[in-house]
Amino acid sequence: MTAMAVLAKHRAPRFGLVLGGGISLGFTYVGVHRALWEAGYKPAAIGGCSVGAVMGALWAAGLTPDEIKDATSRTGWRKLISPFGGKLGLFSLRKLGNRVEELCGVKHIEDLPVPLSIHATDLSTGEPVVLREGRLGESVAASSAIPGVFSPVEVEGRTLVDGGVTQNLPVTILNDRRGLRFILAVDPIRRLELATKPRNPVTAILQAFLIYLRTQSEGVARECRKPLIIATPETHGINVLNLKQMPRLDAMGYIEMLRVLEDYRSWFEKGPPRNWKRKAT
């Protein structure tokens, strides 16, 4: 970290970070993290949905971009999911939850150094659920449990599934966090162009879910009560089910975050202007 970055770290306005879902597109967050890390900017609070909750947990635990890259680059589907997820899912995400707790070095959300809010959906009522306390592993698993593919997760008597069912980019999740001057949200799906033909029922469900998430992401900005920046990494030509594309996605996230830092430098150094207007970058 450069001397300028150290100075920026101490004088920068407090901001919140929101990370949306997107399966392997979450690898773009490694590049986003690196760009912010190099500039010396650290979020004061983090909110995440699905893979955004997973990456948000690692970020909130204090892992550096290189540590996250090293941990995720050695991860395949077999290390994250188990077959026979039960009556309501083909696979279980218990391995994913255990892995997140292992990497973070804590078992409970409230023990993370940076406050983390995890967005999930109550399958019984359709209500959005925000998790800020309790077991970290089961919470990120719940937030990532795409209905029909992964088993729902029982948390405090509620049957929870992927937060993307209600809001994939949960810009409202930090509305009640005081002291935040603005929100930086990252939506890796906004510019996705699907070009992969599903090969089996599971990939068909996942692709249909991604189509739903992409259309759902439009218009979320108006729901945020704080000044908002939405970063949208270029993810054209990516197969979202291929976990071996991390280097490319890492670079996409890094390039987009450098652009955002250039366009919104004054926000990170002094805070948003008084006459700010909602604008998706």
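What to note about this one:
- Check on GLU133, charged (D, E, K, R), open to solvent by 80 Å² or more (accessible area, probe 1.4 Å) and within 25 Å of LEU184 (Cα to Cα): yes
- Residue check for LEU96: under 24 Å from ASP187 (Cβ atoms), open to solvent by 10 Å² or more (accessible area, probe 1.4 Å), part of a helix (DSSP H, G or I) and aliphatic (A, V, I, L, M): yes
- Number of the condition not met by GLY126 [criteria: (1) crowded, with 19+ Cβ neighbours inside 10 Å; (2) more than 19 Å from the chain's Cα centre (by Cα); (3) modelled with pLDDT of 95 or more]: (1)
- Among the residues of segment 149-158, just one is closer than 27 Å to PRO201 by Cα, out of contact with any strand residue (DSSP E or B) (no Cβ under 6 Å at 6 or more places or on another chain) and surrounded by 18 or more Cβ atoms within 10 Å (Cβ to Cβ), namely VAL149.
- Residue selected from segment 245-270 under the condition in contact (Cβ under 8 Å) with a residue 40 or more places away in the chain and in contact with a strand residue (DSSP E or B) (Cβ under 7 Å, 6 or more places away or on another chain), by the criterion surrounded by the most Cβ atoms within 10 Å (Cβ to Cβ): MET257
- Count of segment 24-34 residues, restricted to those that are surrounded by fewer than 24 Cβ atoms within 10 Å (Cβ to Cβ) and either under 10 Å from the mean Cα position of the chain (by Cα) or basic (Lys, Arg) (or both), is 1.
- In segment 22-68, the residues that are out of contact with any helix residue (DSSP H, G or I) (no Cβ under 6 Å at 6 or more places or on another chain) and of a type in the set (D, E, K, R): GLU38, LYS42, ASP66, GLU67
- ARG177 farther than 23 Å from ASN98 by Cα, in contact with a strand residue (DSSP E or B) (Cβ under 6 Å, 6 or more places away or on another chain) and open to solvent by 10 Å² or more (accessible area, probe 1.4 Å): yes
- Members of segment 109-123 found to be outside any helix (DSSP H, G or I) and either surrounded by 23 or more Cβ atoms within 10 Å (Cβ to Cβ) or not hydrophobic (A, V, I, L, M, F, W, C) (or both), listed by number: PRO113, PRO115, LEU116, SER117, ILE118, HIS119, ALA120, THR121, ASP122
- Residue in segment 76-85 that is closer than 23 Å to GLU262 by Cβ, outside any helix (DSSP H, G or I) and touching a Leu at 6+ places or on another chain (Cβ under 6 Å) present: no
- Residue in segment 129-147 that is hydrophobic (A, V, I, L, M, F, W, C) and in a loop (DSSP other than H, G, I, E, B) present: yes
- Residues within segment 180-210 that are open to solvent by less than 10 Å² (accessible area, probe 1.4 Å), in contact with a Pro (Cβ under 6 Å, 6 or more places away or on another chain) and modelled with pLDDT under 95, tallied: 1
- Residue among LEU58, LEU88, LEU103 that alone is at negative phi, touching a residue at least 40 places away in the same chain (Cβ under 8 Å) and touching a Gly at 6+ places or on another chain (Cβ under 9 Å): LEU88
The values are calculated or read from the model by the stated rules, or taken from the named source; none is laboratory data. Since we're looking at a predicted model, the values are computed, not measured. When we count neighbours, we look across all protein chains shown, and the Cβ atoms used for this are built from the backbone with ideal geometry, even at glycine. Note: areas computed on protein heavy atoms with side chains; ligands, DNA, RNA excluded. Shrake-Rupley method; radii C 1.70, N 1.55, O 1.52, S 1.80 Å.
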